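Readers should treat all values here as calculations from the given coordinates under stated rules, not as data from a laboratory. Every value quoted in this text rests on a predicted model; they were computed, and no experiment measured them. Positions of Cβ are generated from backbone atoms using ideal geometry, with glycine treated the same way; all protein chains shown enter the neighbour counts.
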Amino acid sequence: MLVMGLGDSDAYQRALAHVRAIDFTQTAEGDDAPGNISVFELTIRYIGGMLSAYQMNGEKAEEKFLVDQVVVLANRLSKAWYKGNRLPFNRFNLNLSTPVDTTDSVGIAEAGSLILEWGELSAYTGNNTYLNLTEGAMDAIIASPVTFPGIFAQSLDAYNESTSGAPYYTWGGGSDSFWEYLIKWGQLRGLDRSSSFVATWDAAINSSIAHLVQKTGVANLTLLSDYEPVNGSVYVSSHLASFAGGNWALGGALLNKPEYIQVGLEMAESYWRTYNGTATGIGPESFGYFDAAGNAKGWTYVSPGRREFYNEHGYFLGSPGYIQRPETVESLFYGWRLTGQQLFRDMAWDAFLHMKEYLDSGTGWVGLVNVNDVSSQSYDEAQTFMFAELFKYLYLIFDDPGHISLDDYVFTTEAHPFKIAAPNADFGKVQNFWPYEPLSGQASNLGNTVEPDAGVPSLDSLGSLVTLTQGLQVAASAFAQQVQMPVSVARNMFSGLSRAPAVK
């Protein structure tokens, strides 16, 4: 509402009254038991949302209770830093103010995506405890073992800060927003280029371009891969990972590295093309692909139907669902703001029209079980990030680009804007009509199609090679019926999935 200038509306006043009445020390809701919550989810939604709202509406004295409510919640959540550990446990019982399981591993996205919100709280309260806790978590991740400079394993041990289990490297769920926050915290606080946060982000992009970015044999798409040290590259990516294109472009502008912008926006365009290839014009939760040599690394089997789909579109469906995720549109937003090229608006508008056609139930927006089926069943649930991120980025793409300029504000991972308090004059201007050569102007199809698997047994006769752990829910189980890949890859890839909604 504030982004749309509705700070004085009755609706906003009702929202304020609702937030004022919330008891942030207790909840009857919870994952498996009352009170079981995610420190990460409450941080990016409640702490980020309340502080951003207070700031954007002019820091009015009568709205100071927003900061007070954040203090109550943050004090409660601070007990997630158990026994002096630098890495907090994400699964936390709010009612008891204690971690749910002190043997849990720690995901780097969960522990490493708190500093923007908690750092702003320290700025408002003068209490550096909040900043110190979240900065310590970032420092612990940065100091953890790496396979490539700047690329850290998805899960760490909370006590010794080493890799937990078999290391897995991905820009997708479970890791994603850690890298996002490295460069954004640098921008928000005007950190020097040599600071550990900015330097680590820079190293991560260099390593990713060298080891994780792939070109598809068909359609010339620029996509991210995952990586396992034992088996090497895994040609799989996800909707969650599609934020990276915009993030690389943002950091490329700040550090005056046009190559980061070019590769990042190639990814933004490529991930949009995963929308463009489906029957509904909406992108899937995950997908795989082949390289120019005809390899689909990491996959044990790709069905003939998916090979044919790849030959036409340059990728094939993995988990075919869509639950109103914003990341692809988010990257298009950054592409538009950085370059001013109408291409990014056109792609966003195309995505919106297809969403309006297939998600709008008349009483709200739903999700889709299969984006490649125009008669797909729907998920009868609206996600919070649909409002906080998807709708906000769509609105801002078609708003005046000077409104909430990327040179004045940093967006959190839940798209809550924070004003840049101390700009670094050494950083490049973000909204600066940066050049970008679209993929449509490059080779559109390298012609490296793959042969369907003649004589390969059907999936029914092969049986299920993938057993997904409890919690992957509907989207992941749908994935298991269509393609087969190593279980370790499936588990890691879907670790960032939210609770699946009911199927309608």
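Given R₀ = 41 Å, FRET efficiency for Met4-Lys83 by Cβ-Cβ distance, to 0.05? Walk me through the numbers on the way to the answer.
Details: r = 45 Å, r/R0 = 1.09.
So the FRET efficiency works out to roughly 0.35.
Using only the Cα atoms of the stretch 230-358, each taken as one equal point scatterer with no solvent, compute I(q) by the Debye sum, divide by I(0), and report log10 of the ratio at q = 0.17, 0.22 Å⁻¹.
-0.90, -1.26
Please compute, over every Cα-Cα pair in the chain, the percentage with a separation greater than 46 angstrom. The partial results should precede the final answer.
On the way: 8268 of 126756 pairs.
Distances greater than 46 Å cover 7 percent of the Cα pairs.
I need the fraction of alpha carbon pairs in the stretch 164-253 separated by more than 15 Å, rounded to a whole percent. Each step should come with its number before you reach the end.
Details: 2468 of 4005 pairs.
Beyond 15 Å sits 62 percent of the P(r) for the stretch 164-253.
For the stretch 182-195, just list the computed ³J(HN,Hα) in residue order, Karplus coefficients 6.51, -1.76 and 1.60, θ = phi - 60°, integers in Hz, with x standing in for Gly and Pro.
4, 7, 6, 5, x, 5, 5, 9, x, 5, 5, 4, 7, 4
Mind listing which chymotrypsin sites (Phe, Trp or Tyr not before Pro) in the stretch 334-416 are in a DSSP loop and have 16 or fewer other Cβ atoms within 10 Å? Could you put the intermediate results ahead of the total?
On the way: sites: Tyr334, Trp336, Phe344, Trp349, Phe352, Tyr358, Trp365, Tyr379, Phe385, Phe387, Phe391, Tyr393, Tyr395, Phe398, Tyr409, Phe411; in loops: Phe398.
Hits after loop and neighbour filter: Phe398.
Taking 7 Å along the Cα-to-C-beta vector as the label spot, tell me the Gln26-Gln342 distance in nanometres, rounded to one decimal.
In this crude spin-label approximation the distance works out to 5.9 nm.
Would you please give the residues with an amide H less than 5 Å from that of Thr98, counting only those at least 5 places away or on a separate chain, with H modeled from the backbone geometry?
For Thr98, the qualifying residues are Asn93.
Please report the equivalent ellipsoid semi-axes of the stretch 176-464, computed as sqrt(5 x eigenvalue) of the Cα gyration tensor, largest first, in whole Å. Don't jump to the answer; show the numbers that get you there.
Working: eigenvalues 205, 107, 55 Å².
Taking √(5λ) for each eigenvalue gives 32, 23, 17 Å, largest first.
Could you tell me the calculated FRET efficiency between His18 and Leu353, based on Cβ-Cβ distance and R0 = 45 angstrom, to the nearest 0.05? Please list the in-between numbers first.
Details: r = 33 Å, r/R0 = 0.73.
So, using R0 = 45 Å, E works out to roughly 0.85.
Ranking Trp248, Trp434 by Cβ neighbours within 10 Å, fewest first, what do you get? The partial results should precede the final answer.
Values: Trp248 32, Trp434 22.
Ordered from fewest to most neighbouring Cβ atoms within 10 Å, Trp248, Trp434 come out as Trp434, Trp248.
Nearest 500 deg cm²/dmol is fine: what mean residue ellipticity at 222 nm does the chain get from its DSSP H runs of n ≥ 4 alone, each adding -39,500 (n - 2.57), divided by its residue count?
Working: 18 runs with 194 residues, N = 504.
My calculation for the chain gives -11500 deg cm²/dmol from helical runs alone.
Quick one: His313, His211, fewest Cβ neighbours within 10 Å first, how do they rank? Don't skip to the end; give the middle numbers.
On the way: His313 20, His211 16.
Going from least to most buried by this count: His211, His313.
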